[in-house]
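First up is the structure itself, then whatever we jot down about it.
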Amino acid sequence: MSEHPWRALCQAAILELDPEKIAARATAAEISINAHVFADYQHIDAAERKDMEHALSALDALRLDGKRTRAKPPQAA
């Protein structure tokens, strides 16, 4: 299985420790996946398609988790 840029971008998003950067990295990975599908759909095998589906699910989970765990600003008393 060949390596495509979307894989590295997904890995970077998943391994990102800075909560402020996760959404941008996840978006970059998703754009890369969509570009790969658009450009090479007929040459993508079933295993890679499955990997991309899993990656997109993981990226969605990262975004949801970031929204739930992001600290809220303190309220004025």
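The values are calculated or read from the model by the stated rules, or taken from the named source; none is laboratory data. Nothing here was measured: the structure is a model prediction, and the numbers come from that model. FYI the Cβ positions are ideal-geometry reconstructions off the backbone, even for glycines, and counts take in every protein chain you see.
Quick notes on this one:
- Looking across SER32, SER2, one residue alone is at pLDDT below 95 and either of a type outside the set (A, V, I, L, M, F, W, C) or in contact with a strand residue (DSSP E or B) (Cβ under 8 Å, 6 or more places away or on another chain) (or both). It is SER2.
- Residue in the range 1-50 that is nearest to ASP65 (Cα to Cα), counting only those that are among the aromatic types (Phe, Trp, Tyr) and over 9 Å from the mean Cα position of the chain (by Cα): PHE38
- Subset of the range 10-34 that is touching a residue at least 24 places away in the same chain (Cβ under 8 Å) and among the aliphatic types (A, V, I, L, M) - its residue that is farthest from ALA61 (Cα to Cα): ILE33
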